[in-house]
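A.B. asks: Structure in structure tokens, see below.
Values in this text are rule-based calculations from the coordinates and carry no lab data. Note that the coordinates shown come from a computational prediction; the quantities given were computed from them, not determined experimentally. Note: ideal-geometry Cβ built from the backbone for every residue, glycine included; neighbour counts use all protein chains shown.
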Amino acid sequence: MQRQAFDWRQAGRRVVLVPTMGALHDGHRSLINLARKKVKKGGVVVVSIYVNPAQFNDPQDLENYPRTLSSDKKICREESVDIVFAPNNLYKKEESVEVKENSLTTRLEGVHRPGHFAGVMTVVAKLFNLVLPDFSVFGEKDFQQVAVIRRMVRDLNYPVSILVGPTLREENGLAMSSRNVLLTNDHRDQAAVLSRAIEFSRQSIGSRSSDLKRKLRRLIEKQPDAQVDYIEFVDTISLSPVTKVKKGSRILLAVKIGSVRLIDNGLL
Ligand code: PAF
């Protein structure tokens, strides 16, 4: 992969990487389209597909994660992706270096999924070093991940511009995610409550965060199999909690529907 990447560089071709863990859906298609728009026809669009073990803190979650390589490749073909980079393994035995961030990752997903972001940053650093992209595209659905990757790029001086694609939603409001295929039909209906919670927050500008969080927890947990992991109102840049829900702040939430943990977020 890296040899190929050096050849593209030498030929002056612009390269854009869309890192994924596969189980591609319409949300990924829109990220791929964003990638193509950025580098046009003469550029190279690379989609990486790798279920990265280092970012799973729960072995069961890693085992259950959907793997659909042949339909993923079909989607990539349909979207005119130039290269699918789908390595079997990106780690040597006993690797002893990882990328760690010490501020943004001390909250939210970082608390609920210990080690997750170090796993994400380490694999993204590896992918950047292998693919040598000029641009890389991430989905806004993983809002904290985007903030953490931007910080890594800034603090480690990666010569990569980060592009962010909007969250795509199902008709019932459910944010598209590879994990959605793990939901039963009933749970898919119940999962729509996450986007209703975001909508409810938009109607509640001016509330105290703690009051609104309590209300939302009640709203969400009315669904028989929903259990809130966290609901947080944060400043969009620093991700630090805000005490009052203001226009321009962001709600981030993680909810388990049965055994499937979903995250979502929205600008207020
Ligand atoms: O967002 C994802 O699918 C993953 O966290 C990423 C960025 C591909 C790293 O494994």
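A.B. asks: Note down the Stokes-Einstein diffusion coefficient of the range 89-135 in µm²/s, whole number, using a Kirkwood radius over alpha carbon pairs, 4 °C, and 1.567 mPa s. Mind dumping the intermediate values first?
C.D. replies: Values: Rh = 11.9 Å.
Here the translational diffusion coefficient equals 109 µm²/s.
A.B. asks: Let me ask something additional. Modelling each spin label as a point 7 Å along the Cα-to-Cβ direction, I'd like the Ser207/Asn33 distance in nm, to one decimal.
C.D. replies: In this crude label model, Ser207 to Asn33 measures out at 3.3 nm.
A.B. asks: Same structure again: Only Cα pairs under 8 Å and at least 6 apart count here; give the relative contact order of the chain as a rounded whole percent.
C.D. replies: On the way: 448 pairs, mean separation 45.8, N = 268.
Dividing the mean separation by the residue count of the chain yields 17 percent.
A.B. asks: Treating only the Cβ atoms of Lys and Arg (+1) and Asp and Glu (-1) as charged, compute the dipole magnitude of the chain about its Cα centre; round to the nearest 20 debye. List each step's numbers first, then the result.
C.D. replies: On the way: 42 positive and 30 negative charges, 162 e Å.
Dipole magnitude for the chain comes out near 780 debye.
A.B. asks: Length gain on complete extension for the stretch Asn185 to Glu221, per 0.36 nm per residue less the alpha carbon to alpha carbon distance?
C.D. replies: Working: separation 36, 0.36 × 36 = 12.96 nm, distance 1.80 nm.
Length gained, Asn185 through Glu221: 11.2 nm.
A.B. asks: Could you tell me which GluC sites (Glu not before Pro) in the range 68-99 are loop residues by DSSP with no more than 11 other beta carbons within 10 angstrom of their beta carbon? Please list the in-between numbers first.
C.D. replies: Values: sites: Glu78, Glu79, Glu94, Glu95, Glu98; in loops: Glu79, Glu94, Glu95, Glu98.
Sparse-neighbourhood loop GluC sites (Glu not before Pro): Glu94, Glu95.
A.B. asks: Pop the C-beta distance of His112 and Ser240 into the FRET formula with R0 = 25 Å and round what comes out to the nearest 0.05. The partial results should precede the final answer.
C.D. replies: On the way: r = 17 Å, r/R0 = 0.68.
After rounding, the FRET efficiency stands at 0.90.
A.B. asks: Work out the charge dipole of the chain with +1 on the Cβ of Lys and Arg and -1 on the Cβ of Asp and Glu about the Cα centre, then indicate which of Val148, Val164, Val97 is farthest towards its positive end.
C.D. replies: Comparing the listed Cα positions along the dipole, Val164 ranks first.
A.B. asks: Further question on the same structure: Extent of the chain along each principal axis, from alpha carbon coordinates, in Å, largest to smallest?
C.D. replies: 57, 40, 39
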